[in-house]
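Working notes, structure below.
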Amino acid sequence: MSIKLPANSKMLTPDFTFGVATAAFQIEGANTADNRLPCIWDTFCATPGKVINGDDGSMACDHYHLWQQDIKLIKELGVDAYRLSIAWPRVMNEQGEANQAGLDFYRNLLTKLKEEGIKVFVTLYHWDLPQHLEDKGGWLNRETAYLFKEYADLVTRELAEWVDSWATFNEPFCAAILGYELGIHAPGLSKPEYGRQAAHHILLAHGLALPVIRQNAPKAQVGIVINMNRSYPASAKSEDEFACLIRETLDNQFFIEPLMKGQYPKLLANVAPQYLPQVLPGDMEIISQPIDFLGMNFYTCNHNAYDAEDLFKDVKNSQPVEYTDIGWEIAPHAFEELLINLNQQYDLPPIFITENGAACDDHLVSGQVDDDQRVRYLNSHINAVNNAIEAGVDIRGYFAWSLMDNFEWAEGYNKRFGLVYVDYETQKRTIKRSGYAYQAFLSER
Ligand code: FCB
């Protein structure tokens with residue numbers, strides 16, 4: 001099994017960027033080193049019952065110390081680009097001043113990446129809000145959006161030299177809805193009215209930071225990363241179709257419509273006004289300023305049926321389909337449809353697929369990891385992107401999630417997404433079959 005595209009694919013030209021992605025909290029470890037402040041995920045991990053096996057981010061992949069060998073791995077895979085995130089609690093103290101030791105870590109890392117000829121895609125916020133800000137209300141407090149602007153200003157002033165692309169946020173849906181509405185991610189709050197208000201403040205923070213980043217990093221691309229789902233009706237009944245419409249509206253349109261059109265979906269005002277946040281005059285103009293690219297993360301699809309109380313509920317696909325180790329249906333057709341639909345609905349900037357990948361039940365046997373399912377997953381999804389490009393969608397890059405196995409949030413170290421296997425006892429890295437397949441595919445371009 002290998003990864004292969006049609007010979008004439010636009011994805012095989014030098015204009016298309018292939019990369020691997022990670023995020024600070026998931027790989028760095030060293031969560032008290034060099035005055036790093038506690039973040040909401042440290043607190044969440046320390047709360048019994050929140051993360052499987054009580055896992056935490058204190059060690060993770062120890063990337064804070066092993067970053068040089070990790071850059072060698074990135075180089076060895078032969079990718080064009082690396083997407084990483086900066087930890088807010090590492091680079092700014094409680095007074096809002098720079099923590100130079102934390103900044104030095106990123107300076108060294110980014111300098112080395114550039115020396116190696118790797119393009120650098122940085123995300124400013126991949127969920128690790130400093131705990132002292134959560135203590136003042138976190139993303140429910142509008143003030144946090146203004147503090148994010150300060151943080152973005154500091155980081156882009158200090159690090160702009162090495163960065164090709166800045167994303168303000170990773171997946172506002174997860175940060176806000178999983179964290180403040182469903183309570184399954186940090187900070188673990190669960191009130192229906194919280195999630196959408198947190199989301200609005202995150203989108204506002206994105207908009208407030210944009211002009212600052214542009215000013216400090218005039219040569220870089222600036223955008224945001226959102227996750228998207230495709231929802232299919234459990235039956236042909238119109239009420240199940242409606243459930244899917246609501247589900248896609250709450251997961252996708254709720255985030256993309258403010259960014260692209262400066263409004264929350266009109267449907268919500270009619271059928272689910274409880275999902276509308278409080279918006280102050282001028283907010284939507286701030287949120288909908290032009291961006292250079294839209295980052296999109298895609299993993300799976302949903303199946304939904306109507307539910308009288310919640311309007312929709314998740315059901316399993318009635319057809320026999322394949323799932324990954326995290327229980328997510330493998331649905332490359334959904335990826336292709338989603339991209340094509342979106343392109344019809346909005347006047348989009350160029351798209352980068354900033355995450356896509358699979359959790360597999362990986363085992364290191366005689367020094368090898370035979371993750372055939374992941375190879376098939378990557379192949380089918382890269383081809384789905386190619387089909388979307390053929391259908392006219394402007395997609396400029398694809399990043400596999402993830403460079404290496406890491407801390408998978410509420411799932412702890414139990415779920416492995418890496419192209420590289422990490423033995424957490426020894427911190428030894430081993431390139432999996434999928435890593436070699438990606439490497440072979442990239443080298444044949
Ligand atoms: C995404 C996150 C990423 C990773 C993958 C599996 O939602 O952005 O950090 O955990 O899921």
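The values are calculated or read from the model by the stated rules, or taken from the named source; none is laboratory data. Note that the structure is a prediction, hence the values are computed from the model and not measured. Note that each Cβ is placed from the backbone with ideal geometry, even for glycine, and that neighbours are counted across all protein chains shown. Surface areas here come from the heavy atoms of the whole protein model, side chains and all, with no ligands, DNA or RNA. Shrake-Rupley method; radii C 1.70, N 1.55, O 1.52, S 1.80 Å.
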The correct count of residues that are within 30 Å of V163 (Cα to Cα) and of a type in the set (S, T, Y) in region 41-83 is 3
May I ask you to say which residue of R142, R90 is basic (K, R), on the phi < 0 side of the Ramachandran plot and open to solvent by less than 20 Å² (accessible area, probe 1.4 Å)?
-> R90
Sort out which residues of region 411-429 are out of contact with any helix residue (DSSP H, G or I) (no Cβ under 7 Å at 6 or more places or on another chain) and either away from the ligand (no atom under 11 Å from the Cβ) or more than 22 Å from T17 (Cα to Cα) (or both), and write them in order of number.
-> Y413, K415, R416, Y421, V422, D423, E425, T426, K428
Are any of the residues in region 200-222 polar (S, T, N, Q) and within 16 Å of the ligand (Cβ to nearest atom)?
-> no
Can you list the helices (runs of 4 or more DSSP H) found entirely within region 238-355 that contain at least 3 residues being open to solvent by 40 Å² or more (accessible area, probe 1.4 Å) and either within 16 Å of the ligand (Cβ to nearest atom) or under 30 Å from A209 (Cα atoms) (or both)?
-> 266-271, 332-345
Do the conditions hold for D70, that is, is it of a type in the set (D, E), modelled with pLDDT of 95 or more and either open to solvent by 10 Å² or more (accessible area, probe 1.4 Å) or within 15 Å of the ligand (Cβ to nearest atom) (or both)?
-> no
Which one of these does N108 not meet: (1) more than 21 Å from S165 (Cα to Cα); (2) open to solvent by 40 Å² or more (accessible area, probe 1.4 Å); (3) in contact with a helix residue (DSSP H, G or I) (Cβ under 8 Å, 6 or more places away or on another chain)?
-> (1)
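Every residue, every condition in (1) of a type in the set (D, E, K, R); (2) farther than 19 Å from Q69 by Cα, yes or no:
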residue	(1), (2)
A358	no, yes
D362	yes, yes
N379	no, yes
N383	no, yes
Y436	no, no
Q439	no, no
E444	yes, yes
Please tell me if E161 is surrounded by fewer than 18 Cβ atoms within 10 Å (Cβ to Cβ), modelled with pLDDT under 95 and in a helix (DSSP H, G or I).
-> no
Report, by residue number, each residue of region 166-183 that is more than 16 Å from the ligand (Cβ to nearest atom) and either within 13 Å of the chain's Cα centre (by Cα) or within 24 Å of G102 (Cβ to Cβ) (or both).
-> W166
Hey, among the residues in region 93-146 that are within 16 Å of the ligand (Cβ to nearest atom) and touching an Asp or Glu at 6+ places or on another chain (Cβ under 9 Å), which one's farthest from G29 (Cα to Cα)?
-> F121
Would you tally the residues in region 350-372 being more than 24 Å from A23 (Cα to Cα) and out of contact with any Ser or Thr (no Cβ under 7 Å at 6 or more places or on another chain)?
-> 5
In region 365-396, what residues are within 16 Å of the ligand (Cβ to nearest atom) and either out of contact with any Pro (no Cβ under 6 Å at 6 or more places or on another chain) or open to solvent by 10 Å² or more (accessible area, probe 1.4 Å) (or both)?
-> D371, Q373, R374, Y377, L378
Consider Y194 carefully, then state whether it is touching a Leu at 6+ places or on another chain (Cβ under 7 Å), away from the ligand (no atom under 16 Å from the Cβ) and open to solvent by 10 Å² or more (accessible area, probe 1.4 Å).
-> yes
Would you be able to say whether some residue in region 184-191 is within 14 Å of the ligand (Cβ to nearest atom) and open to solvent by less than 10 Å² (accessible area, probe 1.4 Å)?
-> yes
How many residues does region 208-237 hold that are assigned to a loop (DSSP other than H, G, I, E, B) and in contact with a strand residue (DSSP E or B) (Cβ under 8 Å, 6 or more places away or on another chain)?
-> 6
What tally of residues in region 52-67 results from selecting those that are in a loop (DSSP other than H, G, I, E, B) and either farther than 26 Å from A410 by Cβ or open to solvent by 10 Å² or more (accessible area, probe 1.4 Å) (or both)?
-> 5
